[in-house]
Amino acid sequence: MGPLQGIRIIDMTSVLMGPFATQTLGDYGADVIKVESPDGDITRQIGPTRNPEMGPIYLNANRSKRSIVLDLKTEAGRDVLLRLVATADVLVYNVRPQAMARLRLDYASVAAVNPRIVYAGMFGFGQDGPYAAKPAYDDLLQGGSGLSHLMGRAGDGTPRYVPTALADRVVGLSAVGAILASLLHRDRSGRGQRVDIPMFETMVGFVLGDHLGGLTYEPPLDQGGYARHMSPDRRPYRTSDGYISVIVYTDKQWSGFFTAAGREDLRSDPMFASFPARLANIDKVYAELGRIFETRPTAEWMALLDAADVPVMPMHDLQSVLQDPHLVETGFFPIAEHPSEGPIRSMRVAATWSETHAEPSRLAPRLGEQSVEILGEAGYSADEIAQLLSDGVARAAPPLS
């Protein structure tokens, strides 16, 4: 009963960026039909598995969807796809537009079948520049957007990638917003449209929103970069028995920190006197915090800083975050019974609505699990479905034993 109930999405995406976006739309209540090739989404093969083709990255980016397998390189497979498009609200893809054109599934071909369709593409680069046909992956976009440079500049000088598919997820969330805006326009005007969500432009805007700095002005006032974010001591602080995440930001928070830490002497230090003074001396300020936090254990700091209303969080690892008391109390990690995989840990939809409650409608499907069901909904007879399966145009998951 989520807010997108009644919206049907044809999901031609794979790997992570597109599936993450369409999973979000599915969690919000849309009927998402995941169209896979006979080989399936490659993320089915990543990570430890209980059964083939059901890896954890796939499971965590493809819930709230139904799976149909179609060979879109065949005329019959393309015909099935267009029949599905005829009753859909959105078609989403994340291959290069040139690949969609080769399949004869470009915007003009799809809109000829359904003029109200929102035709949403996520791919590497805007189609009006020299990079239009280039392939793109998360690592490339972290490097190309300046993020890897900043990681090196803030660390030991060695450029690095953030150890998560940040570009894929940032662009995926941007696509969710673009698709919803397009649906609102469609409902107001009665017209669908093509919407492109390029990774490069999206990530450059995402990164430089913080770091364009003095390059915002012409002529530039500096070489760019937000000094606080690049301070070498902006990191989780070592305590006497572990690490802790703290930010002391406002004048009020600094006042509370001085008292909690027993460092009233710092109140008279000009370096700590005001926001501009702290920012101008940010490396020294953060280095001093590092020395202070090493003097006491984590639990003691947590209690002192919470009492002083100074923002603080534990520094979790991948195991301890599962036991975070807030996430445990709110039921963020429910254990669900997957039809083929048995008990699996899921994650709750973070957003909440007062009237249209959203939650995953189903766990990630096996390859072709709903092929027969979806073909039937599209108007194919039992004999026609059997023929499509026999010809290899479609594929259905075998029954569970």
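The values are calculated or read from the model by the stated rules, or taken from the named source; none is laboratory data. Computed from a predicted structure; not experimentally measured. Cβ coordinates were reconstructed from backbone atoms using ideal geometry, including for glycine residues, and neighbour counts include every protein chain displayed.
Go through region 163-199 and give me each residue that's of a type outside the set (S, T, N, Q), closer than 21 Å to SER148 by Cβ and touching a helix residue (DSSP H, G or I) at 6+ places or on another chain (Cβ under 6 Å).
Within region 163-199, ALA165, ALA167, ASP168, ARG169, VAL170, VAL171, GLY172, MET199 meet the criteria.
For every residue, the table says whether it meets (1) in contact (Cβ under 8 Å) with a residue 12 or more places away in the chain; (2) of a type in the set (Gly, Ala, Ser); (3) more than 21 Å from LEU212 (Cα to Cα).
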residue: LEU103; (1), (2), (3): yes, no, yes
residue: ALA112; (1), (2), (3): no, yes, yes
residue: GLN142; (1), (2), (3): yes, no, no
residue: SER148; (1), (2), (3): yes, yes, no
residue: ALA154; (1), (2), (3): yes, yes, no
residue: VAL162; (1), (2), (3): yes, no, no
residue: ALA167; (1), (2), (3): yes, yes, no
residue: LEU184; (1), (2), (3): no, no, yes
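Please work out which one of (1) assigned to a helix (DSSP H, G or I); (2) exposed (fewer than 13 other Cβ atoms within 10 Å of the Cβ) is the condition LEU375 fails and give its number.
Against the list (1) assigned to a helix (DSSP H, G or I); (2) exposed (fewer than 13 other Cβ atoms within 10 Å of the Cβ), LEU375 comes up short only on (2).
Could you list, in sequence order, the residues of region 79-118 that are polar (S, T, N, Q) and part of a loop (DSSP other than H, G, I, E, B)?
THR87, ASN94, ASN114, listed by residue number.
Report yes if some residue within region 258-270 is more than 35 Å from the chain's Cα centre (by Cα), over 30 Å from GLY213 (Cβ atoms) and surrounded by 17 or more Cβ atoms within 10 Å (Cβ to Cβ); otherwise report no.
yes
Return the only residue of GLY129, GLY121, GLY143 being assigned to a helix (DSSP H, G or I), on the phi < 0 side of the Ramachandran plot and modelled with pLDDT of 95 or more.
Only one candidate passes the filter, namely GLY143.
Would you mind stating whether ALA307 is in the same structural domain as THR250 (by TED's automatic domain parsing) and loosely packed, with under 15 Cβ neighbours inside 10 Å?
Considered against the rule, which asks whether it is in the same structural domain as THR250 (by TED's automatic domain parsing) and loosely packed, with under 15 Cβ neighbours inside 10 Å, ALA307 comes out as yes.
Just give me the residues in region 114-137 being among the hydroxyl-bearing types (Ser, Thr, Tyr) and in contact (Cβ under 8 Å) with a residue 40 or more places away in the chain, in sequence order.
Matches in region 114-137: TYR119, TYR131.
Please indicate, with yes or no, whether at least one residue in region 359-371 is free of Cβ contacts under 8 Å to residues at least 60 places away in the same chain, within 23 Å of THR22 (Cα to Cα), in contact with a Pro (Cβ under 8 Å, 6 or more places away or on another chain) and assigned by TED's automatic domain parsing to the domain that holds THR49.
The answer is no, given that none of the residues of region 359-371 is free of Cβ contacts under 8 Å to residues at least 60 places away in the same chain, within 23 Å of THR22 (Cα to Cα), in contact with a Pro (Cβ under 8 Å, 6 or more places away or on another chain) and assigned by TED's automatic domain parsing to the domain that holds THR49.
Any residue at all in region 56-70 that is of a type outside the set (Ser, Thr, Tyr), assigned to a helix (DSSP H, G or I), surrounded by 20 or more Cβ atoms within 10 Å (Cβ to Cβ) and in the same structural domain as PRO115 (by TED's automatic domain parsing)?
Checked region 56-70: at least one residue is of a type outside the set (Ser, Thr, Tyr), assigned to a helix (DSSP H, G or I), surrounded by 20 or more Cβ atoms within 10 Å (Cβ to Cβ) and in the same structural domain as PRO115 (by TED's automatic domain parsing).
Looking only at region 107-133, which residues are crowded, with 17+ Cβ neighbours inside 10 Å, of a type outside the set (A, V, I, L, M, F, W, C) and under 26 Å from the mean Cα position of the chain (by Cα)?
TYR107, TYR119, GLY121, GLY124
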